[in-house]
Amino acid sequence: MVSKTDKLYHCYLFVLFALISFLTAQDFAYSQELIGPRKNLFKIDKIQVRGIKKVEKEAVLEKINSKPGMMLDNYLLKKDIEKIYSMHYFDFVEAHQEGNDLIFQMQERPIITKISFEGNNDLDESDLQKQIKIKQYSILDVNAAKVDVSALQKYYEEKGFYLASIDYQVKEINKENIELIYKIREYQKVKVKKIIFLGNDAFNDDELKDIMETREDSVISFLSGAGNFKELNFQNDIERLKYFYKTKGHLQVNVGSPEITVSEDKRWVFITMKVNEGPKFTINKINFQGELLFSEEKMAEKMKLKALETYSEETLRLDIQTLTEMYQDEGYAFANVLRTLNIVPGKNMVDVDFSFEKGKIAYFGKIYVRGNTKTRDKVVRRELKIKEGARFSGTDLRISKDNVNRLGFFEQGSVVFNTVSAKDRDDVLDIEILVKERNTGQISVGAGYSTATKGFLQASIAQNNFRGLGQNLSFSLSLSGVENNYELSFTEPYFNDSLWTAGGKIYRTDKSRRTLSYEKKGFALMLGHPVAEYTRLFATYKFENTQIADINDVTINPAVENGLASSVRLAVVNDKRDNTFEPTSGHYISLSSEYVGLGGEMRWVKPEIDTRYYEK
């Protein structure tokens, strides 16, 4: 016996099935209405493509699904026409039948025979050309032109033209050729008039502005380029501010979306930034877990983060690098150091948990140097601390990169050390050193006239990477009516491929003035050798002959000034600059003492100190 509930259930199923069947039928009818009933047309014997001159026939045939021997139906034909249109090379495409041949008749879009820019008064056309993808003699693609407009718009914003508007125009030359014109309205560069911070208590406005690359306009902005508003720089500034706060313990800082107001005359922008600093956090505990190779005491000793001190994102980053290198120095090249921050409930304190995954021990494989068209491989290799076949060391790898950068022969930031797994060995890492050479030669020439020296000529030529061997060769001269100077010097940093540095110079000076005339000539020989990391001891012998004549000054005693000076100079040099010729960080310290009296007539002692400090 069927219950009343079962009858209702079966009735419900019947109604649901009927509804689904009806909707399916409606959907099928609708799709048939759109594309028509799928109907076979004919069996294809051959496919012909007509109306093309620039596009290859094979390119069209590869795009479509129809092939000789297939049965053509209207659905397949519709899809093929859509695919041909998707190539963006044709204005229209038609298909028809001749016998059993399928004929595609099409008209190609015109060729861009000229690309021009209008309205670009402040930016060079050559720079704008580099921003676009469309090239001369390519087929017009409207979508590609729109992409190029966006790229140009972004480029103008990066250059400070925040209000620039760009569009494109197609000008017909003839039926097959067109000119593509990018129409530009630059307006004036938008300048930053004022940057205002709201909600900043821990740091004042000036401290925060110093961190940003975006700067307010000032009377000296034309020298520094400050004051320009660039969208990309501004977005980076937001991240800089967040990072700065996190280095000062404000772990939960939030910098809101800035409010940018443009003045009525379109010349100035006013920027308002809301900052929610959040509390200042100190470190509660530092925990270590996972695959530990060292004692917690040893790792804590190496770290800069300490319990009960202010939390710092930058210090944490450096500590992760230190801990990673500790593992890598034991050969664990694939070591992974993970950090987790856990805020202590109810307190402005945070626990820092480090988790270690050591991986497997690895070794250095082959070392390759690439990109050095002039510099010899050995110039790079002799700066390396890493050795082929040695156990992997993260510290040695980092120091090797720093040493290659320090040479000064390669562009800043171009030196890259890539680790590549060797074939068939997952525990061997080849090192690929990529460099981009810079111009290491310098030539300068100057000429002029003054009442003191009359006509003068100055010239110098120097090569800091002579013959690609890292040698330094220079020559300079200065000629005038009253003074002539000549100097030739040469330095070999690794004499005979050893650790010895050798060099020397010869020079001569002739001077004639109303009070006196003198001649000074001599030479110097230098030897150097490392005595510690980044520290060298240099010994220089110099021989100099000075002759003064035609003296019209009673304060000058020729018996004291004239004669031979034979001297030795000892110098200790500690050089930790990041780049020898264009330093941006590090220091240079030289302590020296010169004793004159190894023969000759002159006698004296001259101590010297030379210190330089560089910071980014």
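If you check 505, 454, which single one turns out to be free of Cβ contacts under 8 Å to residues at least 24 places away in the same chain and either out of contact with any helix residue (DSSP H, G or I) (no Cβ under 8 Å at 6 or more places or on another chain) or open to solvent by 60 Å² or more (accessible area, probe 1.4 Å) (or both)?
Sole residue among the options that is free of Cβ contacts under 8 Å to residues at least 24 places away in the same chain and either out of contact with any helix residue (DSSP H, G or I) (no Cβ under 8 Å at 6 or more places or on another chain) or open to solvent by 60 Å² or more (accessible area, probe 1.4 Å) (or both): 505.
Examine segment 406-428 for a residue that is open to solvent by less than 40 Å² (accessible area, probe 1.4 Å) and of a type in the set (S, T, N, Q), and state whether such a residue exists.
yes
I'd like to know if segment 466-477 contains one or more residues that are open to solvent by less than 30 Å² (accessible area, probe 1.4 Å), outside any strand (DSSP E or B) and among the small types (Gly, Ala, Ser).
Yes, some residue in segment 466-477 is open to solvent by less than 30 Å² (accessible area, probe 1.4 Å), outside any strand (DSSP E or B) and among the small types (Gly, Ala, Ser).
Restricting segment 235-249 to residues that are open to solvent by 60 Å² or more (accessible area, probe 1.4 Å) and within 22 Å of the chain's Cα centre (by Cα), which is modelled with the highest pLDDT?
Ranking the candidates gives 243 first.
So which residues in segment 62-93 are under 47 Å from the mean Cα position of the chain (by Cα) and open to solvent by less than 50 Å² (accessible area, probe 1.4 Å)?
64, 80, 81, 84, 87, 90, 93
Give the residues of segment 375-413 that are touching a residue at least 24 places away in the same chain (Cβ under 8 Å) and of a type in the set (Ser, Thr, Tyr), sorted by residue number.
375, 393, 395
Tell me which strands (runs of 3 or more DSSP E) are completely within segment 410-451 and hold 1 or more residues being modelled with pLDDT of 90 or more, or say none if there are none.
416-421, 428-434
Answer with yes or no whether residue 174 is in a loop (DSSP other than H, G, I, E, B) and closer than 30 Å to residue 53 by Cα.
Spelling it out, residue 174 is indeed in a loop (DSSP other than H, G, I, E, B) and closer than 30 Å to residue 53 by Cα.
For segment 1-100, give me every one of the helices (runs of 4 or more DSSP H) that falls completely inside it and has 2 or more residues that are modelled with pLDDT of 80 or more.
So the answer is 57-63, 74-85.
Somewhere in segment 575-588, is a residue under 26 Å from residue 441 (Cα atoms), modelled with pLDDT of 90 or more and surrounded by fewer than 12 Cβ atoms within 10 Å (Cβ to Cβ)?
no
Scan 308, 384, 293, 338 and give me the residue that is in a strand (DSSP E or B) and among the hydrophobic types (A, V, I, L, M, F, W, C).
Going through 308, 384, 293, 338 in turn, the sole match is 338.
Say we look at segment 359-405 and pick out the residues that are under 30 Å from residue 283 (Cβ atoms) and touching a helix residue (DSSP H, G or I) at 6+ places or on another chain (Cβ under 6 Å); which of these is most open to solvent (accessible area, probe 1.4 Å)?
395
Restricting attention to segment 126-171, which residues are in contact (Cβ under 8 Å) with a residue 60 or more places away in the chain, assigned to a loop (DSSP other than H, G, I, E, B) and open to solvent by less than 60 Å² (accessible area, probe 1.4 Å)?
Of everything in segment 126-171, those that are in contact (Cβ under 8 Å) with a residue 60 or more places away in the chain, assigned to a loop (DSSP other than H, G, I, E, B) and open to solvent by less than 60 Å² (accessible area, probe 1.4 Å) turn out to be 160, 163.
The values are calculated or read from the model by the stated rules, or taken from the named source; none is laboratory data. These numbers were taken from a predicted model, which means no experiment stands behind them. Every residue, glycine as well, gets a Cβ built from its backbone with ideal geometry; the counts of neighbours run over all protein chains shown. Surface accessibility is based on the protein's heavy atoms, side chains included, excluding ligands, DNA and RNA. Shrake-Rupley method; radii C 1.70, N 1.55, O 1.52, S 1.80 Å.
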